[in-house]
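First the structure, in the form of structure tokens, and then the observations on it.
The values are calculated or read from the model by the stated rules, or taken from the named source; none is laboratory data. None of the values given here were measured: they were computed from a predicted structure. Note: ideal-geometry Cβ built from the backbone for every residue, glycine included; neighbour counts use all protein chains shown. All accessible areas refer to the heavy atoms of the entire protein, side chains included, with ligands and DNA or RNA removed. Shrake-Rupley method; radii C 1.70, N 1.55, O 1.52, S 1.80 Å.
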Amino acid sequence: MNRLIVVSNRLPFALDSTGEDLWTVTPAAGGLVSAVEPVLRERGGVWIGWPGSAGEIPKRALADATRDTGYKVVAVALSETERDEFYYGYSNGVIWPLFHDLQNFCNFEPAYWEAYKEVNEHYADAIARCSQPDDFIWVHDYHLMYVAQALRERGLRAALTFFLHIPFPPYDIFAKLPQPQRLLRALLQFDLLGFQTRRDVRNFLGCVRRVMSDARVVPRRELQLVRFEKREIRLGHFPIGIDFDSFERGAMSDAVARRSQELRARFRDCQLILGVDRLDYSKGIPERLRAFRNALERHPELRGRVVLTQVVVPSRVEIPRYHEFKQRIDRLVGDINGRFSTSNWLPVQYHFRSLDRDDLLAHYRGCDIAFVTPLKDGMNLVAKEYCACRIDENGVLILSQFAGAAEQLKTGALLVNPYDVEEMADTILKAFRMSDADRTARMKRMRRGVRDENVFWWVDSFLRAGAKLAARSAGFRGRQGARHAKTPSAQRI
Ligand code: ADQ
């Protein structure tokens, strides 16, 4: 196997300064890390990314943090302005909300695009410095959509692959972006573009057809084909999975069994409903709380019989919108608990913190209903992790129809529209009343799917598609000759 180079905005841990030359290392939360880390740990390779703190990279702290990873880590430094304009600005203030159909949350500040390109150039430089001819270069996610263009401008001819973890929006929404053509042109410099779902591939192709008059879409049965600037770009959907065995094994451990029993013992006669999310407006947390409140209002049989445990992992709290969003959640929790609690029943248990792995697994194992209702989500791994941890083959999954995971889990989950508070409330009642036989039949189907299409299956299918293409494009580009090489760095690559 060729060496794997993973490139993502963040490394799988964050370095935070706690004083002069003192640093803490915190594992990064989030779907990309949960999916990619086990793969690199197993097969080795290189991970290129930013350690999360602006300014110079603290070399000793980085070396300490990466000693036992099993793969090499290359850190990219960002200045404070770059962090503000590239990371908080274009990536999380424009692309993130727009690609989740939340265009009113976008701040289309022109300087952000310039910063985005510049920082993508830093990543391209890091790739150029450390890559060798046979490496498999795999760039991840919406922060780095310009990297291939930057590498092509440096003369790199090797195959470049990209996976988008978040949804790709339909044309009417994508067209709001001030740089639709420049962004699509940049993406079409990759050789393989991977998306989470068929819907995302369809949306991307729709945008290419409408925006790029000199690109030709050639429909294919498996990988779609786009011809552009004498190149062939392949596209496909590769739904990301989880390390099923590791979640299942973890859920079976004594420590998790004990913690999940403790959790259950605290709420004896209640069914436990679980919400677990990063703090993000795309996850539909206020809508979920409103649905829970609506369920308690309209279905009195639920009062005193259900508890919603909502865990929110702090994320991007430096962005004012996220701060306001947290206050909204706090108010809703206060309102529900103020209105409905009794001397021995508190309807919402709210935790604003990250859980350690055993605790997270204990919640998955111990809760009767998972309530996963993002307004839109590339995939949503929480839904899959919940199924993997239900070793008793029980438990109900209520899932947003707008999560990528709905495409694979629809045969077992109760699908809801996360904007329809009453429908969600009625679905809570349906889940609450569901028989054990029905729960088991549904959970078995979902577990089979999550087990078969796990994270290693995801990586294999992506790498296999990429490897075929690398062979093909090496021949194709070989015939083009070296005349595209523009800069001295091209020789190094
Ligand atoms: P995220 O938006 O981060 O990922 P998600 O897929 O739900 O969303 O992954 C969250 C991850 O964080 C899960 O693996 C979960 O275990 C972990 N996590 C959540 N709450 C936690 C807690 N309280 N304590 C500890 N860990 C917690 C992005 C896209 C998704 C896509 C993934 C992967 O937005 O749509 O599924 O990438 O491609």
DSSP-loop trypsin sites (Lys or Arg not before Pro) across region 220-267, with at most 10 other Cβ within 10 angstrom: Arg221, Lys230
Difference of contour (0.36 nm per residue) and Cα-Cα distance, Asn394 to Lys430: 11.5 nm
For region 244-452: relative contact order, % (alpha-carbon pairs under 8 angstrom, 6 or more apart): 27 percent
Considering only the chain, percent of DSSP beta bridges that pair antiparallel, nearest 5: 25 percent
With all protein chains modelled, accessible area of Phe352 [1.4 Å, Å²]: 70 Å²
Size of electric dipole in the chain: Cβ of Lys, Arg +1 and of Asp, Glu -1, about Cα centre, debye, nearest 20: 1680 debye
Label-point separation in nm, Lys468 to Arg3, each point 7 Å along Cα→Cβ: 2.7 nm
Within the accessible area of the chain (1.4 Å probe), percent carbon and sulfur: 47 percent
Protection-proxy order for peptides 179-186, 386-393, each taking the mean of Cβ atoms within 10 Å per residue, highest first: 386-393, 179-186
Val217 accessible area, 1.4 Å probe, all protein chains in place, Å² to nearest 10: 30 Å²
Total lysine pairs under 21 Å (Cα atoms) in the chain, excluding pairs fewer than 8 apart on one chain: 19
Nearest-10 value in Å² for the accessible area of Tyr112, using the 1.4 Å probe: 40 Å²
Mean projected area (nm²) of the alpha-carbon convex hull when the chain is viewed from all directions: 23.3 nm²
Folded to 0 to 90 degrees: helix 421-433 orientation relative to the chain principal axis, Cα: 60 degrees
Virtual paramagnetic centre 7 Å along Cα→Cβ of Asn344, amide N under 19 Å, in region 241-264: 262-264
Amide hydrogen neighbours beyond the local backbone of Leu160, cut-off 5 Å, H modeled: Asp191, Leu192
Mean-position separation - Cα centroids, region 373-426 and region 72-143, in angstrom: 30 Å
Relative packing of 171-178, 124-131, which averages over residues the other C-beta atoms within 10 Å, highest first: 124-131, 171-178
Amide H partners (placed H, <5 Å) of Val73, local residues excluded: Trp47
Degrees between helix 436-452 axis and first principal axis of the chain (Cα, 0 to 90, nearest 10): 20 degrees
Solvent exposure of region 244-452 as accessible area per residue, Å², 1.4 Å probe: 40 Å²
Rounded tilt (10° steps) of 31-43 against the dominant C-alpha axis of the chain: 60 degrees
Placed amide H near Phe13: partners under 5 Å, 5+ positions off or other chain: Ala28
Dipole magnitude of region 244-452 about its Cα centre (Cβ charges: Lys, Arg +1; Asp, Glu -1), debye to nearest 20: 100 debye
